[in-house]
Structure formats: C-alpha cells, structure tokens
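For reference, the structure discussed in these notes is given below.
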Amino acid sequence: MFDPISLLIGGAIAATAIFTIVYYAYLTWSIIVDWFQDYEHLAVQPNNVAATIKTRLDSGEHAVVQGIFDRRTSEEIEARTITYDQLDSQIQNAHRNSEVVIWE
C-alpha cells in the first residue's frame, strides 16, 4: 500500500498535463512563497496540504509542481507546473533530501 505522500507525488506528476504550466528562467524562493500566500485560504484548511514536487517532465524539462492538495484524496485543489532553467539556493536546499516538500 502507498503512503499519502507517494500518492500525492504520483497523482501530481500524472496530472501535470492538466495543470497550468508557467516558465521562469530562474525560479526563486519568493516566486514559490508568493503563490502559496495567494492561496493561503486553501492551504490552511485542515484536510489540505501545500507542497512542491521537484520532477522532470516527459519532455525532459526540469519542473516543480506546486500546489494545494487534499490529504484524503490526494487530488489537487489548486496547482501549477513551473518549468525552469535554474533554481535558487533556497529551493535547492528545501528539495535536497526529497522530491516532495510539504510547506507548513
């Protein structure tokens, strides 16, 4: 049986085709934080989790899936896929030990 985080990763990566895709040559911490602040009203709901998932798309592009997900169903509430050329050091450090970072 899969743990909730594995389901979250699998669902988010499988659904990247339906998420809004944006591009930043240099993806910074403030871009990530600002988006989460815009959706804070969703992120603070008891059954929701805010997460970023560092991945590589089928096209070979580097991407971060950023979203608010329902913990019970692993479905996205609000999400986007960000393709990038470079990550700033804060994002690199956050994802150093895991593809998935839960934001609290």
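The listed peptides 23-30, 73-80, ordered by packing as a protection proxy, come out as 73-80, 23-30 (highest mean of other Cβ atoms within 10 Å first).
Segment Ala94..Asp58, full-extension length gain: 10.6 nm, with 0.36 nm per residue of separation and the alpha-carbon distance subtracted.
The HN-Hα couplings worked out from phi for the stretch 79-92 by the Karplus form 6.51 cos²θ - 1.76 cosθ + 1.60 (θ = phi - 60°) are 7, 8, 10, 10, 8, 8, 9, 9, 10, 6, 5, 5, 5, 4 Hz, whole numbers, x standing for Gly and Pro. What separates the Cα centres of the stretch 23-51 and the stretch 63-101 is a distance of 9 Å. With both labels modelled 7 Å from their Cα along Cα-to-Cβ, the Gln45 to Asp70 distance reads 0.8 nm.
No lab work stands behind these numbers, since they all come straight from the coordinates. Source: prediction; values computed, not measured. Glycine gets a Cβ as well: all are built from the backbone with ideal geometry, and neighbour counts include every protein chain shown.
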